[in-house]
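Structure first, then comments.
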Amino acid sequence: MQISDYDEAVASGAARYKAADLMELSQRTFKRWRRANGSVKEDQRPQAEHVVQPHQLTHAEEAAILDTCNEREYQSLPPSQIVPRLADKGLYLASEASFYRVLKKHQQLNQRGRMKPLRQVPEPTSFTATGPNQVWSWNISYCPTEVRGQHWYLYLIMDIYSRKVVAWEIHEAESGELAKKLIDRALLRERCWKNPPVLHSDNGAPMTS
């Protein structure tokens, strides 16, 4: 029993607030459970009067919402579209929030009708470098010139462990072939062509070519 465990911990020298925290209860809860003479109050929750909210949906109203949502016309639509369509016909069953709440209660909110199942998106692959020449990051940046509308393109490869600029070049165009030649020269210069590092980049056209 939690009361006896709490009393035993306090009697052994534990602080009251720490003993209460270990039981995931507050000190006020333990005080509320005790009478003025130190005896423990009986649980009053079973005798509590549960007041029915005046706007609470009845079982018949919940059944009407479920029947409507499962009709052929609405079975593939979310409540945010069902409620306005019913309103256009002069029908009102409940609020949009109530529709969501009822569908969630009956486990019909995740996938309904002809809705496609949720696509499982895999977590992005991440790499950790514990030494040089394990993971390189590279990108192509725009470098403005004095001529309006003309840019130079900076190709840069950096070692994410040492932050060393492994290789860089400037070209007049953005090209996957130029990037490949730069990477090949960087591998030869760093002498890691037999065990090439992981290349990290975004999904730009030259990066994926």
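The values are calculated or read from the model by the stated rules, or taken from the named source; none is laboratory data. Owing to the predicted nature of the structure, the values given are computational and were not obtained by experimental measurement. Ideal geometry is used to build each Cβ from the backbone, glycine not excepted, and the neighbour counts take in all protein chains shown.
Observations, loosely collected:
- Candidate set: the stretch 100-115, residues that are at pLDDT 70 or above and among the hydrophobic types (A, V, I, L, M, F, W, C); chosen: the one farthest from P78 (Cα to Cα): V102
- Of all residues in the stretch 125-155, those satisfying the criterion of being more than 33 Å from the chain's Cα centre (by Cα) and aliphatic (A, V, I, L, M) are V147, L154.
- Residue in the stretch 71-94 that is among the polar types (S, T, N, Q), surrounded by 10 or more Cβ atoms within 10 Å (Cβ to Cβ), touching a Gly at 6+ places or on another chain (Cβ under 8 Å) and outside the structural domain of K181 (by TED's automatic domain parsing) present: yes
- Residue pairs meeting the criteria (Cβ under 6 Å; at least 6 apart or on separate chains; first assigned by TED's automatic domain parsing to the domain that holds A14, in the stretch 27-48; second at pLDDT 75 or above and among the small types (G, A, S)): Q27/A20
- Options A19, A36, A9, A14; residue that is modelled with pLDDT of 80 or more, farther than 30 Å from S95 by Cα and not in a helix (DSSP H, G or I): A14
- Residue in the stretch 172-181 that is crowded, with 18+ Cβ neighbours inside 10 Å and within 38 Å of the chain's Cα centre (by Cα) present: yes
- Residues of the stretch 137-157 that turn out to be out of contact with any His (no Cβ under 7 Å at 6 or more places or on another chain) and surrounded by 14 or more Cβ atoms within 10 Å (Cβ to Cβ), as a count: 7
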